[in-house]
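J.: After the C-alpha cells below, expect a handful of questions from me.
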Amino acid sequence: MTANRSHVLMLLCLAPAAAAWAQAQSDDSGASPQEPAPRALERVTVSGRASLMQRFFASGSLVRVDRQDIEQMGADSVSDVLRQLPGVQVNTGASGNLEIRMRGMGPEGTRILVDGEPVSSRRGGQLPLDQLPADVIERIEVVRAPSAEFSGASGGTINIVLRHATAKRETNLRVTDQHVWGHNGLQAFFSRTGPLTEPQPAEDGEAQVPWVYFVAASASTRLAGSDTERHSSTRGQAPAESLAHEKARFRTTEYTVMPRLSGRLGSRDQVSVRAFLLSGEGRGDFTSAAAGSNSAGATTSRVAEHSESDRTLVQLRGEWSRRFSGSKLETTLSAQRSREDIERDRDRSFAAAGGAGSSESLLLDARRERVYWLSSKLSGTEDALLWMAGGEYEDRDLEVNSVQTASPPPSSADLGVSTRLRRAVVWGQNEWALPASTTLTVGMRAERIATRSRYAGQQAELTDTFWQPSLHTRTPIGTDMQWRFNLARLTRKPLLADLLDRRLPGQGDNSPNNPDVVGNPQLRPETTTTVDAGFERNLSQDGQFGLNLFLREVSDVVARRVTLDSGGRWVQQPVNVGDASVWGVEADLRSGLSWLGLGREWSLSANASLLQSRMRSGDMRGERIPGQARYVVNLNVAKPLPPRGGWFCGASVTLNGAADLMTSPGTSGREASYASADAYVGRVVAGLGYWRVGVYNLTDSKRTRERVSTDAAGNTYADRSTMQLTPRLFITLGTRF
C-alpha cells in the first residue's frame, strides 16, 4: 500500500508536465515550430533578469541577485555576497565554517538549497559553501516568507543557483592562500565558459543560439579548528574540579570538477546537463590537558585523538525547459551518491592520588548516502500576473556502519543504522489584482514525508502529510513605498543524521558543554505558522530600506537536550520539547555612502534582528527557546571591484546577543554575547588581474558558554567553556580574460 501511494504522488508530481503537453498540442497546432515565445513573457520572473532593485516588485518577500549584481559587488566568495543581501546574517564560526542566519534565528532555522534542491547536512551538504567562489554562482534567491514553491524554514530560505554556461568566452583563474596558526592552506580555482558550436544562420536569416559550455575545477586545502579553555566542577557527594586546555586542528583537501553543457533542441526546448564531482581527504588532531582535584587529591588527565577522513561525491543533473504560448515548463532530475569514511584513534591517560591509568579507543565510521530528486514547474502570466504549479519527489537513503573498540577492559561494538526518507510534494500559486493597486498571491503546498529507520534489528516508521497554505499581499504607497503582509504555514523535516539512533563520543573529557551526540529515530517534524507585516521604501542612489514585524507559532519545537545518562556520561539528543511562540522585529538597509563624502560606488548593507520567544508547553514552559540569540546585527561596507582598474575594499561587523541554553528541567545555561569583524582590501591591475588580502575575525573574539545541572541525588555540575575565534588571513591572486 505504501509503495502504491508513493507511485500516485510521483504521478501527481509530473502532473504539470502532462498539463503542459496537452497545452503544447493546442499551441503548436496554429504556430510555426520556429515561432518565438511572446515578448510579454520576458517581463516576468519566469525568465527575465532579477536584480536587487526588483525586490520592490517581487511577489512575497523575495530578494534575488543575479550574475551581473554579483560582479558589480566585487564579491570574492558566497559569504561576501550573502553579507550584502537584505535579511541575511553571516557569521564565521569558531572552526572557520560559515554560519548563516535569517530573522536572527539559529542556523537550523535557515533552509539552504543548491539549485532548488535541499542539502542534506548542517555543513552545507554537497558543497563547501564557506569556500565556494563567487565565480560559480549564477544567482542567489532569498525567500524571507514561505511560499508554495519554497516551503522554507522558520527563519527563511536561501537558494544558491550554480553558474550557467554562456556564449561569451570567459576564463577565470585564481589562487588563494589561507594562513592560520602558522600554517598555509592553498586554494586554486579555474573556470571557463563559451560557445561549443558556432552560431549558424537560420532560414529566416537570424542566427541560432549555439550550444554553450561551462567547466570549473578547484583544488583547495581548508584549515579549521579552535582553542578552548574549559572549567568543570562538581558539588555534592563526590566534589571535583578541573581546568582543561583543548586544541583542535583539522586540514581538509578537496578536489572538485563541475562541467555543464546547455543548448536548444528547436526553438522551444532548451536542455542542460551538469555533473559535480568531489574527492576529499582530511586529517585532524585534538589534544586536551587537564589538571584538577577530587576527594582523593590532585588529578591530571590528557587526551590525544587523531582522525582521518575520506570523502567522495558524484552528482548528475539534467534540466529541460519548454516554452509555450504564455507559459513555460521546467523539469529537473538529479541523482547523487556520496561516501564518507572516518577513523578516530583516541588515547587517554589519567593520574590521581589513588593511582594512574590509561585507555585506548577506536571509532570506524562509514557513511553512504544516495539521493534521487525530481521537480517540475509550469509557470506563466496573464495580464502581468504570475501563476505557477509544480511538484517534487525526493528519495534519500542514508546508511551508517560503525565499529567502536575500547580497552581496558577489551570491548567492541558493531552498529549498522539506516534511514530512508521519501518526500512527495504538489504545489500551486496564483496572483490576483485587488483594489488600491494591491497584488494578492495565494498558494497551497501539499507535502508527504515518510521516514523509515532500522537499528539493531528494530524498525521505526513515521509518515506525515502536511497542507501548507500561504498568502502574500503587496500594496504600493506612492511610487517609492509599499506594505507587505505574509501568512503561511510550513513544516521543517528532521535531518537524516538526527534520526540515526547511534552515539558519537565527543572529543576531550565528557562534560555538559562537550557531550556525546545521540540521534533520535522518533523525532517529529517542526511545524510553524508564520505572520509577517513589512514596510519597504526605495531610497536615492538605488538604496532600499525595509522594516518587518514577524510572529512564529511553532509546534513540536526541536531542541538539542543535554542530559546525564545512566552510565554517568553527558549526552546531547535532538528532541521535541513542546510548542513555542517567537516574535521580533527586523530592519535592513542598503544605501550609498556619498553622504559621508565617499564615492557613489561605496555601499552600506545592514541587517538587525531583535527576538523574543517563550515555550508554551512542555517541561520548559515559560523559558526561551534554547540557543536563540536575543539580537543579531550585521554591518557591511564595500567598495566594489572596479572593472577598469583601481582599489576595492570592504569590512563587516557582526554582533550576536546572549542566548539561554536551558535544555531540560534542572539544567540552566547561557551563551555570552560576542562580536566579530572581517575586512579585506585589493586592487585591480588593468590588463593583468587583481590581488586581494582579507582578514577574518580581526577582533580575535571568543565564544563563552556556561551550563549548570543538578541530578536527582543533589549533585551540581557546572561547566564553563571559552572558545577562541582565531583570526585567519586570506591572500588571493586572480585574473579574468
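The values are calculated or read from the model by the stated rules, or taken from the named source; none is laboratory data. As the structure is a prediction and not an experimental result, all values here were calculated from the model. Note: ideal-geometry Cβ built from the backbone for every residue, glycine included; neighbour counts use all protein chains shown.
J.: Quick one: in region 606-640, which of the residues that are at pLDDT below 90, part of a loop (DSSP other than H, G, I, E, B) and small (Gly, Ala, Ser) is nearest to residue 578 (Cα to Cα)?
T.: Checking each candidate, the answer is 618.
J.: Here's a follow-up. At least 2 residues that are in contact (Cβ under 8 Å) with a residue 40 or more places away in the chain and closer than 19 Å to residue 101 by Cα in each: list the strands (runs of 3 or more DSSP E) lying fully within region 480-591 that qualify.
T.: 481-492, 526-539, 543-555, 558-564
J.: Hey, among 225, 185, 194, which residue is touching a Leu at 6+ places or on another chain (Cβ under 6 Å), in a strand (DSSP E or B) and either over 30 Å from residue 485 (Cβ atoms) or modelled with pLDDT of 90 or more (or both)? Before the answer, list the steps.
T.: Details: 225 fails: touching a Leu at 6+ places or on another chain (Cβ under 6 Å); 194 fails: touching a Leu at 6+ places or on another chain (Cβ under 6 Å).
After ruling out the rest, the residue left standing is 185.
J.: State the number of residues belonging to region 576-605 that are on the phi > 0 side of the Ramachandran plot and among the aromatic types (Phe, Trp, Tyr).
T.: Matching residues across region 576-605 total 0.
J.: Pairs needed: first member in region 620-634, farther than 24 Å from residue 666 by Cβ; second member anywhere, surrounded by fewer than 19 Cβ atoms within 10 Å (Cβ to Cβ) and at pLDDT 85 or above; C-beta distance under 6 Å; at least 6 residues apart or different chains.
T.: 631/610; 631/657; 633/608; 633/655
J.: Can you name the residue in region 695-715 that is of a type outside the set (A, V, I, L, M, F, W, C), touching a Pro at 6+ places or on another chain (Cβ under 9 Å) and without any contact (Cβ under 8 Å) to a residue 40 or more places away in the chain and, of all such residues, is surrounded by the most Cβ atoms within 10 Å (Cβ to Cβ)?
T.: Among those that are of a type outside the set (A, V, I, L, M, F, W, C), touching a Pro at 6+ places or on another chain (Cβ under 9 Å) and without any contact (Cβ under 8 Å) to a residue 40 or more places away in the chain, it is 699.
J.: What do you reckon, is residue 532 closer than 23 Å to residue 476 by Cβ and either among the β-branched types (Val, Ile, Thr) or out of contact with any helix residue (DSSP H, G or I) (no Cβ under 7 Å at 6 or more places or on another chain) (or both)? Quick ask: steps written out before the conclusion?
T.: Numbers: closer than 23 Å to residue 476 by Cβ: yes; either among the β-branched types (Val, Ile, Thr) or out of contact with any helix residue (DSSP H, G or I) (no Cβ under 7 Å at 6 or more places or on another chain) (or both): yes.
Here the answer is yes, as residue 532 does meet what is asked.
J.: All but one of (1) modelled with pLDDT of 90 or more; (2) among the hydrophobic types (A, V, I, L, M, F, W, C); (3) farther than 30 Å from residue 261 by Cβ hold for residue 316; which doesn't?
T.: (3)
J.: Search region 387-399 for residues being crowded, with 19+ Cβ neighbours inside 10 Å and more than 23 Å from the chain's Cα centre (by Cα), and hand back the single one that is nearest to residue 499 (Cα to Cα).
T.: Here the answer is 390.
Residue by residue, here is whether (1) surrounded by fewer than 19 Cβ atoms within 10 Å (Cβ to Cβ); (2) in contact with a Lys or Arg (Cβ under 7 Å, 6 or more places away or on another chain); (3) at pLDDT below 90 holds:
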position	(1), (2), (3)
565	yes, no, yes
590	no, no, yes
594	yes, yes, yes
597	yes, no, yes
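J.: Might you check whether a residue that is out of contact with any Lys or Arg (no Cβ under 8 Å at 6 or more places or on another chain) and either farther than 30 Å from residue 538 by Cβ or in a loop (DSSP other than H, G, I, E, B) (or both) occurs anywhere in region 459-477?
T.: Looking for residues that are out of contact with any Lys or Arg (no Cβ under 8 Å at 6 or more places or on another chain) and either farther than 30 Å from residue 538 by Cβ or in a loop (DSSP other than H, G, I, E, B) (or both), one finds none in region 459-477, hence no.
J.: Among the residues of region 545-571, write down those that are touching an Asp or Glu at 6+ places or on another chain (Cβ under 7 Å) and among the polar types (S, T, N, Q).
T.: Result: 548, 555.
J.: If you don't mind, another one. At least 1 residues that are surrounded by 19 or more Cβ atoms within 10 Å (Cβ to Cβ), acidic (Asp, Glu) and at negative phi in each: list the strands (runs of 3 or more DSSP E) lying fully within region 240-344 that qualify.
T.: Strands (runs of 3 or more DSSP E) meeting the threshold: 240-265, 297-324.
J.: Additional query: Among the residues of region 592-611, write down those that are without any contact (Cβ under 8 Å) to a residue 40 or more places away in the chain and within 23 Å of the chain's Cα centre (by Cα).
T.: 606, 608 - these are the residues of region 592-611 that are without any contact (Cβ under 8 Å) to a residue 40 or more places away in the chain and within 23 Å of the chain's Cα centre (by Cα).
J.: Now a separate question. Out of 678, 719, 711, which single residue is within 25 Å of residue 634 (Cα to Cα) and charged (D, E, K, R)?
T.: Values: 719 fails: within 25 Å of residue 634 (Cα to Cα); 711 fails: within 25 Å of residue 634 (Cα to Cα).
Sole residue among the options that is within 25 Å of residue 634 (Cα to Cα) and charged (D, E, K, R): 678.
J.: Restricting to region 498-545, name every residue that is of a type in the set (S, T, N, Q), farther than 15 Å from residue 562 by Cβ and in contact with a Phe, Trp or Tyr (Cβ under 8 Å, 6 or more places away or on another chain).
T.: Passing the criteria: 507, 527, 530, 538, 544.
A quick yes/no check of all residues on (1) over 23 Å from residue 338 (Cβ atoms); (2) surrounded by 16 or more Cβ atoms within 10 Å (Cβ to Cβ); (3) within 29 Å of the chain's Cα centre (by Cα):
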position: 368; (1), (2), (3): no, no, yes
position: 377; (1), (2), (3): yes, yes, yes
position: 385; (1), (2), (3): yes, yes, no
position: 403; (1), (2), (3): no, no, no
position: 429; (1), (2), (3): yes, yes, yes
position: 433; (1), (2), (3): yes, no, no
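J.: Could I ask something else about it? Where residues in region 519-552 are charged (D, E, K, R) and within 26 Å of residue 574 (Cα to Cα), which of them is surrounded by the fewest Cβ atoms within 10 Å (Cβ to Cβ)?
T.: Going through the qualifying residues, I end up with 524.
J.: Quick one: which of 718, 659, 675 is in contact with a strand residue (DSSP E or B) (Cβ under 7 Å, 6 or more places away or on another chain), exposed (fewer than 15 other Cβ atoms within 10 Å of the Cβ) and either among the hydrophobic types (A, V, I, L, M, F, W, C) or farther than 18 Å from residue 513 by Cβ (or both)? Explain how you work it out, then say what you get.
T.: Details: 718 fails: exposed (fewer than 15 other Cβ atoms within 10 Å of the Cβ); 659 fails: exposed (fewer than 15 other Cβ atoms within 10 Å of the Cβ).
Step by step, each of 718, 659, 675 is checked, and only 675 is in contact with a strand residue (DSSP E or B) (Cβ under 7 Å, 6 or more places away or on another chain), exposed (fewer than 15 other Cβ atoms within 10 Å of the Cβ) and either among the hydrophobic types (A, V, I, L, M, F, W, C) or farther than 18 Å from residue 513 by Cβ (or both).
Residues checked against (1) touching a Ser or Thr at 6+ places or on another chain (Cβ under 7 Å); (2) under 23 Å from residue 148 (Cα atoms); (3) free of Cβ contacts under 8 Å to residues at least 24 places away in the same chain; (4) crowded, with 18+ Cβ neighbours inside 10 Å:
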{"site": "413", "(1), (2), (3), (4)": "no, no, yes, no"}
{"site": "436", "(1), (2), (3), (4)": "yes, no, no, no"}
{"site": "439", "(1), (2), (3), (4)": "yes, yes, no, yes"}
{"site": "447", "(1), (2), (3), (4)": "yes, yes, no, yes"}
{"site": "466", "(1), (2), (3), (4)": "yes, yes, no, no"}
{"site": "472", "(1), (2), (3), (4)": "yes, yes, no, yes"}
